[in-house]
Amino acid sequence: MGFPHPSHPGETVVLSKHFGDAGARTHAGWVERGGYEGLRKALGMTPEAIIEVVKASGLRGRGGAGFPTGLKWSFMPKDDGKPHYLVCNADESEPGTFKDREIMRWTPHALIEGCAIGAFAMGVERCYIYIRGEFTEPWAVMAEAVREAYAAGTLGDNAMGSGKPIHITLHRGAGAYICGEETALMNSIEGRRGNPRIKPPFPAAAGLFAMPTTINNVETLAAVPHILVRGAEWYKSLCKGNPKSTGTKLISVCGHVQRPGNYEVMLGTPMKELLYDMCGGMRPGRTLKAVIPGGSSVPIMTAEEAESALLDYEGLIEKGSMLGSAGMIVMDDSTDMVYQIMRLARFYAHESCAQCTQCREGTAWTTRILERILSGKGKESDFDLLLDLADNMTGTTICVLSDSCAAPVVSGIRKFRGEFEAYIRRERAPVLELA
Amino acid sequence: MSAGHVVDAEPYEPVFTGETMAELERRFAEYPNKQALLLPALWMVQERRGWISESTISEVAAVLGLTPAYVKGVVTFYTMYHTHPVGRHFIQVCTTSPCGLCGAEDTVRALLEHTGCGEVGATSADGRFTVVEVECLGACGFATPVMVGDDFIESVTPEKVPELLARYP
Ligand SMILES: Cc1cc2nc3c(=O)[nH]c(=O)nc-3n(C[C@H](O)[C@H](O)[C@H](O)COP(=O)(O)O)c2cc1C
Ligand code: FES
């Protein structure tokens, strides 16, 4: 539901059904609401059969890349005698995205249950949930839920009486966006700086502690119990657009809408319905100018593109952007696009781990050129310079942080060139003073 | 504030003794090696001492079988570890674009004014507050989120700042 707002009829509430319902936070409360049925069912199945159900459901990763979850799970080796790990990515730091936070705050047992099912299906005895350091409240709720799950025998050396050990450890991050990148996150758990690793080897071959590892986003894992209980066919039927995009998705909406919040919709729902019916449209007297639909790392969409887009993986690619983590940043006609793009570039410059030259230098120089334009000292040649930098920052580094910085710059220049020109041609007063 | 070499008072009181050491040792069982306890151990230090000094870096290194240089390299990678003392109430305000669109910069100005910190990163003369700007806190629909120590407060506007600060003497 559009937490913190009441549910809208256009929503399909599965994951968010109990947001705002503190009773769902306890183990007993979760069981009363039908919780842990998915795990019970899974423990009576073979690991292969569980993976088949997840595959058949069409569930795709909700952390950004949209990789099919069942397929990812099937990459884990079988009977290799090594410890296997499942890592839950609760680093949620992508600007615009704030959905995993609500899942952990309100339905911690949904996440524990999803982790336990994944662990059993992949021969994992210990799962780590990596929670960003700033999430103090979600941490406290999760810690209490894990404690209760052990006390109830749901977790432990004989999880739910299955004879199988399933353990969960919470691991606290310490402030670094890059630790959301899967291999940086693994380094961080290992007590290292959060630098992404070169792939291959892929995590399923050598991930955390060099052992076979699967990493999934919070929302991905929280969807799994529902799929086990209600079946793959049911999940697949939650689809309004492309059949390759199934299920519900929590869309975090922020910026210039009347009712920001998390809205859970079937994939394929028109973006227009979300923006105007559910979120109440723009503030009075304002019109839509631009949307960054997938967290800050995806190309910017114009109002026309956004209003005609379907919210699913394919629908947004068709309109030149991406679903990403579905953190939607909405900007109305009062927005200074050049300033906002500079602010995003500054974010990436701050968060670059600095191991790749193209990223370390590219994010910093992009920021400085944009600051120069905003200070009234831009040149016509800055367009070429920015685009050339962006070109060198795309597809050339260990992870895609650098590509993410280039995306809003390139799409911003293409779609809002006039705003850059107004600063460069001194038609608009400078808004920054360079030190 | 000077970013120079900050040392603690001599003689150095170790952090990892008694119950604190026992707590760390209990956690060893959850990981296949001791190095993985580095971030948790640094959190334990910061919770108890407020910041991470050169001496505690050496102590953590010894406890986990690492070198001080290695530990320092890790400490300085993460923005939440303090390598120098900060105000009694450490205030983090998000100013990334989504919050910026909703007036985060005004909230920062109000915080700097009412805490007496004057500028971002500085500690107020009475040692009560330090205010820093941070990147996305993962609560963009509740602009502007502010953290005071471990408390996470949503939707802070300039008008709400005086009442908020009054809760932190
Ligand atoms: C710079 C960067 C930051 C990322 N941050 C996150 C994050 O905060 N949370 C997340 O789930 N995935 C994040 N990802 C994606 C992860 O690398 C990974 O694809 C994801 O956790 C896999 O889970 P899924 O298949 O369930 O989506 C990030 C990727 C990059 C390149
Ligand atoms: S941008 Fe401020 S919390 Fe995300």
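Computed from the coordinates by the stated procedures, all read-outs in this text should not be read as laboratory data. All figures in this text were calculated on a predicted structure; none of them were measured in a lab. Neighbour counts are summed over all protein chains in view; Cβ atoms, including those assigned to glycine, are modelled from backbone coordinates with ideal geometry.
Results, tabulated for the structure shown:
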{"quantity": "For segment B:89-166, size of Cβ-based charge dipole, Lys and Arg +1, Asp and Glu -1, in debye", "calculated": "20"}
{"quantity": "Computed helical MRE - 222 nm, chain A, DSSP H runs ≥ 4 contributing -39500 (n - 2.57), nearest 500", "calculated": "-12000 deg cm²/dmol"}
{"quantity": "Degrees, to the nearest 10: A:382-393 long Cα axis against longest axis of chain A", "calculated": "20"}
{"quantity": "Chain A, relative contact order [Cα under 8 Å, separation at least 6], %", "calculated": "17"}
{"quantity": "Given charges at beta-carbon only (K, R positive; D, E negative), |dipole| of segment B:24-169 in Debye", "calculated": "540"}
{"quantity": "Cα lying deepest toward the dipole's positive end in segment A:183-301, options A:A222, A:P212, A:G255, charges on Cβ", "calculated": "A:G255"}
{"quantity": "Of A:A90, A:A290, A:A210, the one that fluctuates the most in a GNM where chain A has Cα springs shorter than 10 Å", "calculated": "A:A210"}
{"quantity": "The protein assembly as shown - charge dipole about Cα centre, Lys and Arg +1 at Cβ, Asp and Glu -1, debye rounded to 20", "calculated": "860"}
{"quantity": "Within chain A, longest stretch free of exposed GluC sites (Glu not before Pro) [DSSP loop, at most 14 other beta carbons within 10 Å]", "calculated": "A:1-379"}
{"quantity": "Long-range amide H partners of A:E264 with built H, under 5 Å", "calculated": "A:G2, A:T12, A:I251"}
{"quantity": "Exposed trypsin sites (Lys or Arg not before Pro) absent - longest run of chain A, DSSP non-H/G/I/E/B, at most 13 other C-beta within 10 Å", "calculated": "A:79-378"}
{"quantity": "GNM flexibility winner over chain A from A:P212, A:P138, A:P201 (Cα, springs under 10 Å)", "calculated": "A:P201"}
{"quantity": "Degrees separating the helix A:337-351 axis from the principal Cα axis of chain A, which is the longest one", "calculated": "50"}
{"quantity": "Gyration tensor verdict on segment A:180-282 (Cα atoms; rounded if a/c is under 1.5, prolate if a/b is larger than b/c, oblate otherwise)", "calculated": "oblate"}
{"quantity": "Unsatisfied cross-links (Cα-Cα over 20 Å) in the set A:K55/A:K244; A:K377/A:K415; B:K34/B:K72", "calculated": "A:K377/A:K415"}
{"quantity": "Under-5 Å amide H pairs with A:M301, H placed in peptide plane, nonlocal only", "calculated": "A:V291, A:I292"}
{"quantity": "Whole-Hz couplings from phi, Karplus 6.51/-1.76/1.60, listed for segment A:182-195; x for Gly and Pro", "calculated": "4, 7, 5, 4, 5, 4, 5, 4, 6, x, 10, 5, x, 8"}
{"quantity": "Between segment B:106-139 and segment A:73-101, the Cα center-to-center distance that results, in Å", "calculated": "35"}
{"quantity": "DSSP bridge pairs, the protein assembly as shown: antiparallel proportion in percent, nearest 5", "calculated": "45"}
{"quantity": "Tensor-based shape of segment B:18-77 (alpha-carbon gyration tensor, a/c under 1.5 rounded, otherwise prolate or oblate)", "calculated": "oblate"}
{"quantity": "Cross-link partners of A:K164 among lysines (Cα-Cα below 19 Å; sequence separation of 8 or more within a chain)", "calculated": "A:K41, A:K78, A:K82"}
{"quantity": "Ellipsoid equivalent to the protein assembly as shown - semi-axes via the Cα gyration tensor, in Å", "calculated": "35, 32, 23"}
{"quantity": "Listed residues B:P32, B:V45, B:F77: farthest to the positive end of the dipole of segment B:18-77 (Cβ charges)", "calculated": "B:F77"}
{"quantity": "Most fluctuating residue given options A:L311, A:L59, A:L275, as computed from a GNM of chain A linking Cα atoms under 10 Å", "calculated": "A:L275"}
{"quantity": "In Hz, Karplus ³J(HN,Hα) per residue of segment B:27-37 (6.51, -1.76, 1.60; θ = phi - 60°; x = Gly, Pro)", "calculated": "6, 4, 5, 8, 9, x, 8, 6, 4, 5, 7"}
{"quantity": "Amide hydrogen neighbours beyond the local backbone of B:H82, cut-off 5 Å, H modeled", "calculated": "B:I52"}
{"quantity": "As computed over segment B:52-169, the Cα convex hull volume per residue (Å³)", "calculated": "111"}
{"quantity": "20 Å tail of the calculated P(r), segment A:16-126, as % of Cα pairs", "calculated": "48"}
{"quantity": "Where N is the number of residues in segment A:104-188, Cα Rg divided by 2.2 N^0.38 Å", "calculated": "1.11"}
{"quantity": "Rh by Kirkwood over Cα pairs, then Stokes-Einstein D for segment A:321-376 at 1.306 mPa s and 10 °C, µm²/s", "calculated": "126"}
{"quantity": "Charge context of A:G241, other residues only, Cβ under 14 angstrom, K/R +1, D/E -1", "calculated": "+3"}
